[in-house]
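Engineer: Here you go, one structure.
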Amino acid sequence: MPVRLYLNNVGKSFTMHLQGGMVIPVVSNVEFSVASGECVVLGGPSGAGKSSILKMIYGNYRCDEGQILVTAGDEIINVATAEPRQMLSLRDRTIGYVSQFLRTIPRVSAEDVVAEPLIAQGTSETEGLETARSLLARLNVPERLWKLPPATFSGGEQQRVNIARGFIAHYPVLLLDEPTASLDAANRAVVIRLVEEKKAQGVAMVGILHDQDVRDEIANRIIDVTSFAADAAA
Amino acid sequence: MTVMDQALETGTHDGAYNFAYLDEQTKRMIRRAILKGIAIPGYQVPFASREMPMPYGWGTGGVQVTASILGQDDCLKMIDQGSDDTTNAVSLRGFFEKTAGVKTTTETGEATIIQTRHRIPEQDLREDQILVFQVPIPEPLRFLEPRETETRKMHALEDYGLMHVKLYEDIAKNGHIATTYAYPVKVNGRYVMDPSPTPKFDNPKIDQMAALQLYGAGREKRIYAIPPYTEVKSLDFEDYPFEVQTFDKPCGLCGAENVYLDEVILDDKGGRMFVCSDSDYCEDRRAKGHVGPMAADPAASQIGGSPKGAGE
Amino acid sequence: MSVYQSEDPLLQVHNVTRYYGDRIGCSDVSFDLWPGEVLAIVGESGSGKTTLLNCLSTRLAPTAGAIEYRMRDGAMRNLYQLSEAERRLLMRTDWGFVHQNAADGLRMNVSAGANVGERLMAVGDRHYGKIREKADDWLGRVEIASDRIDDDPRSFSGGMRQRLQIARNLVTHPRLVFMDEPTGGLDVSVQARLLDLLRRLVADLGLSVIIVTHDLAVARLLSHRIMVMRHGNVIEAGLTDQVLDDPREPYTQLLVSSILQV
């Protein structure tokens with residue numbers, strides 16, 4: 001299977017200027033690749049840098065060293081050096097991010113929130129909304145909530161709206177940031193099925209999953225992030 | 001023979017003043033402004049307006065223009081709101097009789113120069129006549145844009161959207177364009193101009209007029225002009241075209257229709273009549289035997305004056 | 001959003017510098033702006049962000065540097081080499097400018113309808129009924145009730161005035177809109193509504209926006225890209241979420257850490 005994502009010698013540290021310029025190393029020499037149809041899970045204790053790696057791939061954190069290469073159509077783009085507009089393009093077309101926290105936008109209904117990424121990729125509004133509703137139904141979000149803005153939903157409902165939003169569009173690379181945390185068993189099972197469907201479509205996924213059952217179900221490989229621990233002396 | 005020579009030689013006027021009050025250098029300066037104004041129809045030419053022996057608001061701009069173009073052989077008519085015998089007209093006529101000693105008249109056809117405040121005579125003017133307007137505020141954009149720097153730029157760039165904003169407001173608030181006087185016009189397809197506080201009834205007369213029109217604003221120090229036979233279009237909307245006022249009755253004294261009428265209160269019991277604003281026109285018609293529906297009313301003899309030729 | 005789809009930038013800013021006597025307003029600022037892109041300029045008062053905005057929008061001539069804009073015919077033109085007439089036409093058709101204080105951007109003594117219709121009349125619309133229809137449509141889009149069309153903005157609340165100002169700017173379908181603290185001075189709930197409205201209009205119309213704000217939450221919600229200014233210089237620039245979540249410069253870290261958490 002072709003490689004969709006390749007991290008080559010990636011390193012990251014934070015310089016805390018407000019704390020006297022203290023440098024906090026996060027990871028270094030991160031190297032792995034993810035192929036089409038594969039789900040790679042990052043393992044290791046919290047603070048090991050799993051989340052930072054995911055955020056670097058999405059361009060949310062800067063990548064200080066190395067390359068993060070993503071296949072986008074016929075091109076290979078290095079996220080570490082991409083221009084902002086290239087990055088925005090990647091986020092619209094190539095890399096999706098499913099997190100557990102929904103950044104709510106006032107006055108936009110749940111189904112519109114979910115449909116937006118799909119419509120942004122060129123799907124018609126009608127079809128986008130239909131797909132959004134079917135996903136919300138699969139994730140057991142009560143139908144009476146679909147037309148309401150999610151700001152007032154419970155934490156679990158907001159999380160499921162966000163998962164639907166993350167899974168709806170066709171991204172060749174999908175990043176999963178603890179999507180199943182605090183979900184009940186039934187909904188965890190739905191997420192597992194969604195991931196399996198994405199795999200079957202050839203999507204390359206990188207995930208952080210603390211839930212042992214889910215991890216065992218969907219991970220093709222587990223990469224221990226502690227092996228990338230940055231040398232504090234460096 | 002220059003005007004000055006004429007003035008010195010004839011000496012028919014009060015010798016304490018130069019002919020027509022202004023000194024010759026000032027007249028030249030004003031004539032240059034007038035020529036420039038004629039060359040750029042509707043454009044407000046700044047000029048060094050002088051102190052005149054009358055208050056601002058009495059027509060100091062018009063007086064300076066008239067003084068600058070007046071010659072010994074001219075025959076001058078002064079109108080205020082259409083009338084020859086109101087205070088303003090009488091005073092200014094007296095001013096020129098004293099300082100220039102020229103012939104004056106109340107008859108529109110006889111005059112070579114007509115200085116006016118707020119009206120244009122009903123009788124068509126000729127190519128050998130000049131109509132001088134007294135203008136209080138020459139800038140048509142002033143009420144919408146208080147900055148002179150900005151209004152000048154707007155004229156320079158032909159940036160006149162704001163004029164239509166004013167007309168839009170009229171329609172939005174009144175259902176029709178409620179501006180009835182100082183109705184803005186576009187001159188020769190270029191400059192938007194304020195035709196001074198004449199009623200919009202007179203706007204069609206400005207268009208393609210045979211006589212030269214000169215506008216003088218003393219306090220604001222501006223002169224502008226419309227050469228004979230110039231296109232002057234009143235601003236409007238496609239769906240709210242320019243219209244003049246119409247009067248449902250003829251003049252009570254002379255029976256004239258399609259003229260601008262003034263309302264005259266006859267008593268304190270609600271009695272009133274509508275008569276020609278242009279008093280000379282009305283008198284002339286009555287002298288020719290036209291009789292209005294209220295001509296026989298006893299009140300009419302008090303307000304209408306006597307028809308020409310009737311003698312006193 | 002179609003930020004990346006066009007290959008040609010809409011605006012190119014080269015080394016723009018503005019001095020006030022010896023004092024620096026803004027110094028050596030360069031960037032490109034693409035169609036559909038929203039750029040936030042953030043920084044404290046006196047950081048030079050408003051000076052820069054005024055230079056970009058031809059309201060203040062820069063001391064040095066050049067600004068090029070892609071006209072509707074596709075040609076790149078140096079803004080400060082345009083004639084005054086061309087610049088005016090640009091400002092009232094292809095551009096918008098939303099002021100912090102709505103009274104600066106509105107005619108307070110004419111009706112809401114005339115405020116929206118003014119640009120149309122300025123470019124030659126002469127049909128009252130059609131102008132009014134368009135004004136009514138735009139009032140609707142900014143959530144102002146039709147029955148307020150003949151009211152003066154003086155009778156409007158701060159939020160309504162700001163929405164009216166936006167409608168007045170957008171009626172000619174500009175491609176580039178400058179905004180100077182558009183939510184400044186508004187109550188928080190009013191701000192939220194305005195931001196949401198702006199966000200939707202910007203996306204629906206594919207507008208390019210340069211927005212000056214000191215409010216990082218506004219920048220995060222509206223912008224794709226952010227430039228942090230301090231002492232007249234751009235000290236950090238990049239993707240909005242990257243700069244806000246992983247700030248690099250000491251000053252940016254200070255700004256981000258100064259946000260009150262609710």
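The values are calculated or read from the model by the stated rules, or taken from the named source; none is laboratory data. Note that the structure is a prediction, hence the values are computed from the model and not measured. Using ideal geometry, Cβ is built from the backbone for each residue, glycine included, and neighbour counts are taken over all protein chains shown. We work out accessible area using only protein heavy atoms, side chains counted, and drop any ligands, DNA or RNA first. Shrake-Rupley method; radii C 1.70, N 1.55, O 1.52, S 1.80 Å.
Engineer: So, in the range B:145-184, exactly how many residues are in a loop (DSSP other than H, G, I, E, B), within 12 Å of chain C (Cβ to nearest Cβ) and over 18 Å from C:Asp151 (Cα atoms)?
Structural biologist: Keep residues of the range B:145-184 that are in a loop (DSSP other than H, G, I, E, B), which gives B:145-147, B:157-160, B:175-180, B:182-184.
Now narrow it down to the ones that are within 12 Å of chain C (Cβ to nearest Cβ): B:145-146, B:157-160, B:175-177.
Restricting the remaining residues to those that are over 18 Å from C:Asp151 (Cα atoms) gives B:145-146, B:157-160.
Residues meeting the conditions: 6.
Engineer: Out of everything in the range A:164-187 that is among the charged types (D, E, K, R) and touching a helix residue (DSSP H, G or I) at 6+ places or on another chain (Cβ under 6 Å), what residue ends up being least open to solvent (accessible area, probe 1.4 Å)? Don't jump to the end; show me each part of the working.
Structural biologist: Applying the first criterion (among the charged types (D, E, K, R)) to the range A:164-187 yields A:165, A:177-178, A:184.
Cutting the leftovers down to touching a helix residue (DSSP H, G or I) at 6+ places or on another chain (Cβ under 6 Å) gives us A:165, A:177.
Values: A:Arg165: 72, A:Asp177: 23 Å².
Result: A:Asp177.
Engineer: Find all pairs meeting these conditions: Cβ atoms under 9 angstrom apart; at least six residues apart or on different chains; first residue within the range C:79-91 and farther than 13 Å from C:Ile67 by Cβ and at pLDDT 90 or above; second residue surrounded by 14 or more Cβ atoms within 10 Å (Cβ to Cβ) and of a type in the set (Phe, Trp, Tyr).
Structural biologist: Note: pairs meeting the criteria are C:Met91/C:Phe97.
Engineer: For the condition touching a residue at least 60 places away in the same chain (Cβ under 8 Å), hydrophobic (A, V, I, L, M, F, W, C) and in the same structural domain as B:Val45 (by TED's automatic domain parsing), what is the one hit in B:Ala256, B:Ala225?
Structural biologist: Numbers: B:Ala256 fails: in the same structural domain as B:Val45 (by TED's automatic domain parsing).
When all the criteria are applied, what remains is B:Ala225.
Engineer: Out of contact with any His (no Cβ under 8 Å at 6 or more places or on another chain) and within 14 Å of chain A (Cβ to nearest Cβ): does that describe C:Gly158?
Structural biologist: So C:Gly158 does not fit the description; no.
Engineer: Next question. Just the residues that are without any contact (Cβ under 8 Å) to a residue 60 or more places away in the chain, in a helix (DSSP H, G or I) and within 15 Å of the chain's Cα centre (by Cα), please, taken from the range A:91-113. Reasoning before the result, please.
Structural biologist: Of the residues in the range A:91-113, the ones without any contact (Cβ under 8 Å) to a residue 60 or more places away in the chain are A:91-92, A:103-113.
Next cut, in a helix (DSSP H, G or I) only: A:91-92, A:110-113.
A:Arg91, A:Asp92 - these are the residues of the range A:91-113 that are without any contact (Cβ under 8 Å) to a residue 60 or more places away in the chain, in a helix (DSSP H, G or I) and within 15 Å of the chain's Cα centre (by Cα).
Engineer: From B:Ile226, B:Ile265, B:Ile177, grab the single residue that is in contact with a Leu (Cβ under 6 Å, 6 or more places away or on another chain) and of a type in the set (Val, Ile, Thr).
Structural biologist: Of the residues listed, the single one that is in contact with a Leu (Cβ under 6 Å, 6 or more places away or on another chain) and of a type in the set (Val, Ile, Thr) is B:Ile177.
Engineer: Continuing with the same structure: Quick one: in the range C:232-262, which of the residues that are part of a strand (DSSP E or B) and within 11 Å of chain A (Cβ to nearest Cβ) is nearest to A:Leu54 (Cα to Cα)? I'd like the intermediate steps shown before the answer.
Structural biologist: First pass over the range C:232-262, keeping only residues part of a strand (DSSP E or B): C:233-239.
Of the ones still in play, those that are also within 11 Å of chain A (Cβ to nearest Cβ) are C:236-239.
Numbers: C:Glu236: 23, C:Ala237: 22, C:Gly238: 19, C:Leu239: 16 Å.
My answer is C:Leu239.
Engineer: If a residue must be surrounded by fewer than 18 Cβ atoms within 10 Å (Cβ to Cβ) and farther than 13 Å from B:Met294 by Cα, how many such residues does the range B:246-261 contain? Show your work before the answer.
Structural biologist: Kept after step one, since they are surrounded by fewer than 18 Cβ atoms within 10 Å (Cβ to Cβ), are these residues of the range B:246-261: B:246-249, B:257-258.
Filter once more, keeping what is farther than 13 Å from B:Met294 by Cα: B:246-248, B:257-258.
Summing the residues that are surrounded by fewer than 18 Cβ atoms within 10 Å (Cβ to Cβ) and farther than 13 Å from B:Met294 by Cα in the range B:246-261 gives 5.
Engineer: Let me ask another. Criterion first (within 17 Å of the chain's Cα centre (by Cα), surrounded by 20 or more Cβ atoms within 10 Å (Cβ to Cβ), of a type outside the set (D, E, K, R) and over 23 Å from C:Ile166 (Cα atoms)) does C:Gly36 satisfy it? So that I can check it myself, show each step before the final result.
Structural biologist: Values: within 17 Å of the chain's Cα centre (by Cα): yes; surrounded by 20 or more Cβ atoms within 10 Å (Cβ to Cβ): yes; of a type outside the set (D, E, K, R): yes; over 23 Å from C:Ile166 (Cα atoms): no.
No; evaluated as a whole, the condition is false for this residue.
Engineer: Pick out the one residue from C:Arg119, C:Arg168, C:Arg107 that is within 14 Å of another protein chain (Cβ to nearest Cβ), closer than 25 Å to B:Phe143 by Cβ and assigned to a loop (DSSP other than H, G, I, E, B).
Structural biologist: Only one candidate passes the filter, namely C:Arg107.
Engineer: Can you pull out the residues in the range B:221-245 that are away from chain C (no Cβ under 14 Å) and modelled with pLDDT of 95 or more?
Structural biologist: Correct list: B:Lys221, B:Arg222, B:Ile223, B:Tyr224, B:Ala225, B:Ile226, B:Pro227, B:Pro228, B:Tyr229, B:Thr230, B:Glu231, B:Val232.
Engineer: Of A:Met22, A:Met56, which residue is within 14 Å of chain C (Cβ to nearest Cβ), open to solvent by 50 Å² or more (accessible area, probe 1.4 Å) and either on the phi < 0 side of the Ramachandran plot or of a type in the set (Asp, Glu) (or both)? Even if it seems obvious, please write down each step before you answer.
Structural biologist: Working: A:Met56 fails: open to solvent by 50 Å² or more (accessible area, probe 1.4 Å).
That would be A:Met22, the only listed residue that is within 14 Å of chain C (Cβ to nearest Cβ), open to solvent by 50 Å² or more (accessible area, probe 1.4 Å) and either on the phi < 0 side of the Ramachandran plot or of a type in the set (Asp, Glu) (or both).
Engineer: Would you point out which residue out of C:Tyr80, C:Tyr69, C:Tyr128 is open to solvent by less than 30 Å² (accessible area, probe 1.4 Å), aromatic (Phe, Trp, Tyr) and more than 18 Å from the chain's Cα centre (by Cα)? So that I can check it myself, show each step before the final result.
Structural biologist: Numbers: C:Tyr80 fails: open to solvent by less than 30 Å² (accessible area, probe 1.4 Å); C:Tyr69 fails: more than 18 Å from the chain's Cα centre (by Cα).
One residue alone meets the criteria, C:Tyr128.
Engineer: Going through the range A:174-192 one residue at a time, which ones are within 15 Å of the chain's Cα centre (by Cα), farther than 15 Å from A:Ala137 by Cα and outside any loop (DSSP other than H, G, I, E, B)?
Structural biologist: Scanning the range A:174-192 gives A:Leu174, A:Leu175, A:Leu176, A:Asp177, A:Ile192.
Engineer: If C:Met229 meets every condition in (1) at the interface with another protein chain (Cβ under 9 Å from one of its Cβ atoms); (2) not in a helix (DSSP H, G or I) apart from one, which number is that one?
Structural biologist: So the condition that C:Met229 fails would be (1).
Engineer: List the number of the failed condition for C:Asp204; all other conditions in (1) open to solvent by 20 Å² or more (accessible area, probe 1.4 Å); (2) of a type in the set (Asp, Glu); (3) over 17 Å from the mean Cα position of the chain (by Cα); (4) closer than 26 Å to C:Pro9 by Cα hold.
Structural biologist: In the conditions (1) open to solvent by 20 Å² or more (accessible area, probe 1.4 Å); (2) of a type in the set (Asp, Glu); (3) over 17 Å from the mean Cα position of the chain (by Cα); (4) closer than 26 Å to C:Pro9 by Cα, C:Asp204 misses (3) alone.
Engineer: A further question follows. If you take just the strands (runs of 3 or more DSSP E) that sit entirely in the range B:202-299, which of them hold at least 1 residues that are farther than 26 Å from B:Glu127 by Cα and either among the basic types (Lys, Arg) or out of contact with any Phe, Trp or Tyr (no Cβ under 8 Å at 6 or more places or on another chain) (or both)? Let's see the steps before the verdict.
Structural biologist: Numbers: elements: B:212-217, B:222-226, B:232-234, B:261-265, B:272-276.
Filter on the range B:202-299 gives B:261-265, B:272-276.
Engineer: Search the range B:159-204 for residues being over 24 Å from the mean Cα position of the chain (by Cα) and aromatic (Phe, Trp, Tyr), and hand back the single one that is least open to solvent (accessible area, probe 1.4 Å).
Structural biologist: Taking the range B:159-204 first, the residues over 24 Å from the mean Cα position of the chain (by Cα) are B:159-162, B:164-165, B:168-176.
From the residues that got through so far, the ones that are aromatic (Phe, Trp, Tyr) too are B:160, B:168.
Working: B:Tyr160: 16, B:Tyr168: 0 Å².
The residue in question is B:Tyr168.
Engineer: Got at least one residue in the range C:131-153 being away from chain B (no Cβ under 14 Å), open to solvent by 10 Å² or more (accessible area, probe 1.4 Å), without any contact (Cβ under 8 Å) to a residue 24 or more places away in the chain and more than 29 Å from C:Glu37 (Cβ to Cβ)?
Structural biologist: Among the residues of the range C:131-153, at least one is away from chain B (no Cβ under 14 Å), open to solvent by 10 Å² or more (accessible area, probe 1.4 Å), without any contact (Cβ under 8 Å) to a residue 24 or more places away in the chain and more than 29 Å from C:Glu37 (Cβ to Cβ), which makes the answer yes.
Engineer: Just to be sure before I move on: is B:Pro197 under 28 Å from C:Val110 (Cβ atoms), away from chain C (no Cβ under 14 Å), modelled with pLDDT of 95 or more and in a loop (DSSP other than H, G, I, E, B) in the structure I sent? I'd like the intermediate steps shown before the answer.
Structural biologist: Working: under 28 Å from C:Val110 (Cβ atoms): yes; away from chain C (no Cβ under 14 Å): yes; modelled with pLDDT of 95 or more: no; in a loop (DSSP other than H, G, I, E, B): yes.
Taking the combined requirement at face value, the residue does not satisfy it.
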